[in-house]
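Quick note: the coordinates plus some simple rules give every number you see, no bench work behind them. Quantities reported herein were computed from a predicted structural model and do not represent experimental measurements. Cβ placement follows ideal geometry from the backbone for every residue including glycine, while neighbour counts extend to all protein chains displayed.
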Amino acid sequence: MTAPILVTGGSGQLATALEATARERGLPVRRVGRPEFDFDRAATIDAAFAAAAPALVVNAAAYTAVDAAEGDAEGAMRANRDGPARLAELCAAAGIPLIHVSTDYVFDGTKGAPYVETDTPAPTGVYGASKLAGEQAVLAACPHSVVLRTSWVYAPAGKNFLRTMLNAGAKNPRLRVVADQRGSPTAAADLADAILLIAHRLGQGAPADGFGLFHACGGGWTTWHGFAEAIFEEAARHGAPVPAVEPIATAEWPTPARRPADSRLDCGKLARVFGIRLPPWRDSLARTIDAIFSPSTPGR
Ligand SMILES: NC(=O)c1ccc[n+]([C@@H]2O[C@H](COP(=O)([O-])OP(=O)(O)OC[C@H]3O[C@@H](n4cnc5c(N)ncnc54)[C@H](OP(=O)(O)O)[C@@H]3O)[C@@H](O)[C@H]2O)c1
């Protein structure tokens, strides 16, 4: 039997999409999550790796609670730096590639233009700092690593902005949404497609410059307010209620962690090296909304 792709991240958005897409394509996949795979219990990392004997690892597990991380730096560092570092050591020792997922929140958002991979990171909070430390640890430990920074991830299920808006919109005729933070919504299914394509290419012999840091998010950009309005426009096609969405400033919606005001990512390197571009965010949003309201819609 062919060695599987080991996907960490339990029932998280990306891990779920990766397993679904891999199965659709007939690729052997083993998805692991807590408690059997827990970055807080280092022995479980080695045990899960040994049990799977994978051909490649995708690390989609992370401490993603951006605000909670402000009060739990140790937990965030264990999950976002130390655990990925151990996975990277195991991959290096086994001579297999690791695809590790990171975030736009490694940047402070002051550039005023989309960030490229060579821009200097400057995280504004604990989550971003822990993810940056994880990127660096992974790249240092495993020469065959691909680190993908993505942004504003959503899926038909899970904890995400899309679900939060649909739930809030069903209960409230008016919502207030931050309109001065820019970024690119990314459908978990699109990112899963891209990751499995990269995995395939690595399996055929990596292209020149095929390892290292890459930006990978949905095409185009918007604000959280623009994202919310688009969600309700698409959901209205299925008869969902459309609340009034009032644009507000970040200062009017204080949170424990400061977010970057403009974390748009330039994804040109992924296109040049791997020939991969994620679809325009708005098209993917329409497909995801269709999948929520008409669950028989294929592929999402
Ligand atoms: N969500 C976003 O908007 C966003 C934006 C940029 C980048 N990213 C990155 O994209 C990747 C995938 O994120 P996602 O949206 O799929 O996140 P998600 O839905 O929050 O899933 C994360 C998964 O990681 C698991 N996890 C958390 N702490 C863990 C630990 N200590 N040990 C083992 N597993 C642990 C969680 O397990 P439980 O289910 O047991 O809690 C969860 O299943 C992450 O690297 C994230 O940093 C996400």
Task: Using a Förster distance of 30 Å, the FRET efficiency for residue 93-residue 271 (Cβ separation, nearest 0.05) - done: 0.40
Open item on the list: At R0 = 25 Å, how high is the FRET efficiency between residue 70 and residue 11 if r is their beta carbon distance? Nearest 0.05 is fine.
Closed with: 0.55
Task: Point-to-point label distance, residue 41-residue 172, nm (Cα→Cβ direction, 7 Å offset) - done: 3.9
- [ ] Compute the FRET efficiency between residue 23 and residue 248 as 1/(1 + (r/R0)^6), taking r as their Cβ-Cβ distance and R0 = 45 Å, and round to the nearest 0.05.
- [x] 0.60
Task: Amide proton proximity set for residue 38, modelled H, under 5 Å, gap of 5+ - done: 44, 45
Task: Residue-averaged [θ]222 nm for the chain, counting only DSSP H segments that reach four residues, each worth -39500 (n - 2.57) - done: -12000 deg cm²/dmol
Task: Candidate lysines for bridging to residue 171, where Cα separation is under 22 Å - those fewer than 8 sequence places away on the same chain excluded - done: 159
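Scan the stretch 201-284 for chymotrypsin sites (Phe, Trp or Tyr not before Pro) in coil per DSSP, keeping those whose Cβ has at most 14 other Cβ atoms within 10 Å, and list them by number.
none
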- [ ] Name the helices (complete DSSP H segments) of the chain with a Cα length along the long axis of 20 Å or more and a Kyte-Doolittle mean of at least 0.0, or state none.
- [x] 126-141, 188-203
Task: Charge sum, other residues only, whose C-beta stays under 11 Å from residue 125's C-beta, Lys/Arg counted +1 and Asp/Glu -1 - done: 0
- [ ] Search the structure for amide H atoms under 5 Å from the amide H of residue 215, placed 1.01 Å from N in the peptide plane, and list their residues when 5 or more places away or on another chain.
- [x] 149, 269, 270
Open item on the list: Under the rule of at least 5 residues apart or a separate chain, name every residue whose amide H is placed under 5 Å from the amide H of residue 175.
Closed with: 244, 245, 246
Task: ³J(HN,Hα) computed for each position of the stretch 176-184 - Karplus, 6.51 cos²θ - 1.76 cosθ + 1.60, integer Hz, glycine/proline x - done: 10, 9, 4, 10, 10, 10, 9, x, 10
TODO: Output the antiparallel fraction of DSSP beta bridges having both residues in the chain, as a percent to the nearest 5.
DONE: 5
Task: Positive-end residue of 39, 71, 55, charge dipole of the stretch 1-101 with Cβ unit charges - done: 55
- [ ] Report, in cubic angstrom per residue, the convex hull volume of the C-alpha atoms of the stretch 211-300.
- [x] 142
Open item on the list: For the chain, I need the span (max minus min coordinate) of the C-alpha atoms along each principal axis, in Å, sorted largest to smallest.
Closed with: 55, 41, 39
TODO: Quote the charge dipole size of the stretch 152-208 about the Cα centre in Debye, to the nearest 20; the model charges only the Cβ of Lys and Arg (+1) and of Asp and Glu (-1).
DONE: 340
Task: Net length gained if the chain between residue 286 and residue 164 were fully extended (0.36 nm per residue, minus Cα distance) - done: 42.3 nm
